[in-house]
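Written below as structure tokens is the structure these notes are about.
The values are calculated or read from the model by the stated rules, or taken from the named source; none is laboratory data. Predicted model only: the values in this text are computed from it and were never measured. Here the Cβ positions follow ideal geometry from the backbone for every residue, glycine too, while neighbour counts run over all protein chains shown.
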Amino acid sequence: MFWSVDTFATPLPDKSMGIADLDEEFWYFGLMLFALGAVSPWITWSDPAKYNKIVDRVQSLDIKTIAACHTPVIEGQYIAKAFDRLRQLPTLDLPDLPDQSVLDQIIAATAQAPPAHRHRPRATGHDGETPDSPRWNARLSAGPWPRCGPATPPAARAPRP
């Protein structure tokens, strides 16, 4: 098992998908996008021969399974394919990424006041009690779940020295 952290990160449309379920072009683009757009854009500044010497050294560890963040488990024939893609990274152009205008749009869309709502009825229990009634609160504090925190109210405890 080789833990590669973010080295082989790629978008995963569904958490139940395995590496064999991904379209190869989608997988390759995802590897490039994460590596050059988020994790290691500096790779494009590196000398491909020196970089690939390190990739070769890691691949020579006779890895049978790769586990990592943001990727399905990589096994079998996909290990060699993944390393082949890593070797290409220093020669690729950086991907186009969202710029300030996209961030401005996101901020504008999320900063707007929520639409005015009509009066919404208050939550009530089956007997018409509201959350601020003493009986409602007493029922909640005496629920079937374990009691969290100290059993004695803070005012009744002895002060700490």
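How many of the residues in region 41-69 are surrounded by fewer than 16 Cβ atoms within 10 Å (Cβ to Cβ), in a loop (DSSP other than H, G, I, E, B) and either basic (Lys, Arg) or under 18 Å from the mean Cα position of the chain (by Cα) (or both)?
So the answer is 2.
Considering only residues of region 14-28 that are exposed (fewer than 11 other Cβ atoms within 10 Å of the Cβ) and assigned to a loop (DSSP other than H, G, I, E, B), which is farthest from the chain's Cα centre (by Cα)?
Residue satisfying both the conditions and the ranking: Asp23.
Output the number of the condition that Tyr28 fails; it satisfies all remaining conditions of (1) in contact with a helix residue (DSSP H, G or I) (Cβ under 6 Å, 6 or more places away or on another chain); (2) free of Cβ contacts under 8 Å to residues at least 12 places away in the same chain.
All conditions pass for Tyr28, except number (2).
Determine whether Ala138 is modelled with pLDDT under 90 and either farther than 30 Å from Leu12 by Cβ or of a type in the set (D, E, K, R) (or both). Walk me through it before giving the result.
Numbers: modelled with pLDDT under 90: yes; either farther than 30 Å from Leu12 by Cβ or of a type in the set (D, E, K, R) (or both): yes.
Criteria met by Ala138.
Answer yes or no as to whether Asp99 is without any contact (Cβ under 8 Å) to a residue 24 or more places away in the chain, surrounded by fewer than 11 Cβ atoms within 10 Å (Cβ to Cβ) and more than 17 Å from the chain's Cα centre (by Cα).
Yes: the conditions hold for Asp99.
Which ones in region 56-90 are β-branched (Val, Ile, Thr), in contact (Cβ under 8 Å) with a residue 60 or more places away in the chain and within 16 Å of Asp6 (Cα to Cα)?
Thr65, Ile66, Thr71, Ile74
For residues that are of a type in the set (Asp, Glu) and out of contact with any Ser or Thr (no Cβ under 6 Å at 6 or more places or on another chain), tally how many sit in region 71-86.
1
Go through region 60-74 and count every residue that is of a type in the set (D, E, K, R) and modelled with pLDDT of 95 or more.
Residues flagged as of a type in the set (D, E, K, R) and modelled with pLDDT of 95 or more within region 60-74 amount to 1.
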